[in-house]
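The structure under discussion appears below in the form of structure tokens.
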Amino acid sequence: MTTDFDIAICGAGPVGLALALMLVRRGAPAQRIALIDAKTLEQAAQDPRSIALSYGSRQILEEVGAWPVAADAIHQIHVSRRGHFGRTMIDRAEYGLPALGYVARYGVLVAALGAAVNQTRIAVLRPAHATSIAEREECVELRLADGRAFTTQIMVQAEGGVFSEQSAKALRRDYDQTAIIAQVSVAAPIMHRAFERFTEEGPLALLPQDDGYALVWCVRPDTAARLYALPDAEFLQELERAFGSRLGRFTGISARATYPLGLNARPAVSARTVAIGNAAQTLHPVAGQGLNLGLRDAAVLARLLAREATPDMLLRFAAARQSDRSVTITLTDTLARIFTSAPDGALSQAVLGFSLAMLDALKPAKRLLAEQMMFGRR
């Protein structure tokens, strides 16, 4: 059947944009690709959220012409367990890389990817919202809110939420944790060093950005509500007690935001529809793997669909991504559940500190972990 497009991508966030660009670079006809998003590029570019990019994600962005962007490099990652012996330090020098990863603004990254898309003949439909998606044997039919309709051989869901039609097949887990996010400043910052500090209630991450740090503090919901209600000065005192004195006093904080945490993974595909990125899996933010896993999804899918936009390629995609997705989801899920399934001071929590010390001593094990976090499998 002749369709209007070969590939339609719903969602023009970093993962959807990167997929569209990689398809073109691998030889797919740009005019046969549709990219749909509810926001204009200008609106999306205003998003101030901080995002963590692995070095492997930088390689993907370089390939599609969306790097360099304004970002802060991470040279070292210090991982520790509050109140317990044991820590590990991952350093770029051990791997011969200019950085382990980067911290960037979501809007800055989207603007760079969007500018690269605008240099191609990709059909960009924005602002536009798909109100109906019907998969047929020979194609997928899409209808937009403004009444436009078209057909495509393959439909890719890359929007930032799990696609509801197949939610019954999802692996779901509520971690009974809430993340508090903000920008903080400290008296004695350590340039290019990120911190992952495991506390009794969950991980506390500080990622170097601008002259301070992007904070992601995961705690139980009642604790989050209490912390969120505190005046800035009292919140910073609580943060300093939880993190410690490695960076001196916490001296300032931006407006805070909170969001509940959970796992929602639905890697299955149908004959002509596939989900990638946050549309396929939403992860706990520990280790900052969500966007990086999504970009690896896009890299593999582009390699396959550029050869042939057919259901067979979607089956190959599902098989090719199973290992990387499984390892990353299992790792983040296990770390999250250590704190939500055991009481404070439980043996499983104490063992984590010892494990960090062992990891620092066992160089091959640390290298395997670091390489999974930086590059995954694609």
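Residues that are over 15 Å from Thr273 (Cα atoms), open to solvent by 30 Å² or more (accessible area, probe 1.4 Å), modelled with pLDDT of 90 or more and within 11 Å of the chain's Cα centre (by Cα) do occur in segment 291-313.
Report yes if Gly252 is open to solvent by 10 Å² or more (accessible area, probe 1.4 Å), touching a residue at least 60 places away in the same chain (Cβ under 8 Å) and assigned to a loop (DSSP other than H, G, I, E, B), otherwise no. Quick ask: steps written out before the conclusion?
Working: open to solvent by 10 Å² or more (accessible area, probe 1.4 Å): yes; touching a residue at least 60 places away in the same chain (Cβ under 8 Å): yes; assigned to a loop (DSSP other than H, G, I, E, B): no.
Considered against the rule, which asks whether it is open to solvent by 10 Å² or more (accessible area, probe 1.4 Å), touching a residue at least 60 places away in the same chain (Cβ under 8 Å) and assigned to a loop (DSSP other than H, G, I, E, B), Gly252 comes out as no.
Examine segment 74-94 for a residue that is of a type outside the set (Asp, Glu), on the phi > 0 side of the Ramachandran plot and open to solvent by less than 50 Å² (accessible area, probe 1.4 Å), and state whether such a residue exists. The answer is yes; a qualifying residue exists. With respect to the conditions (1) more than 23 Å from the chain's Cα centre (by Cα); (2) in a strand (DSSP E or B); (3) not polar (S, T, N, Q), Arg121 falls short on a single one, namely (2).
A single member of Ala99, Ala179, Ala111, Ala128 is among the hydrophobic types (A, V, I, L, M, F, W, C), part of a strand (DSSP E or B) and surrounded by 15 or more Cβ atoms within 10 Å (Cβ to Cβ), and it is Ala179. When Arg173, Arg197, Arg143 are checked against the criterion of being surrounded by fewer than 19 Cβ atoms within 10 Å (Cβ to Cβ), more than 18 Å from Leu314 (Cβ to Cβ) and modelled with pLDDT under 95, Arg173 stands alone in meeting it. Taken residue by residue, segment 31-50 has no member that is open to solvent by less than 40 Å² (accessible area, probe 1.4 Å), touching a Ser or Thr at 6+ places or on another chain (Cβ under 6 Å) and modelled with pLDDT of 95 or more.
The values are calculated or read from the model by the stated rules, or taken from the named source; none is laboratory data. Computed from a predicted structure; not experimentally measured. For neighbour counting, all protein chains shown are included, and Cβ atoms are generated from backbone atoms with ideal geometry for every residue, glycine included. What goes into the accessible areas is simple: the full protein's heavy atoms, side chains included, and nothing from ligands, DNA or RNA. Shrake-Rupley method; radii C 1.70, N 1.55, O 1.52, S 1.80 Å.
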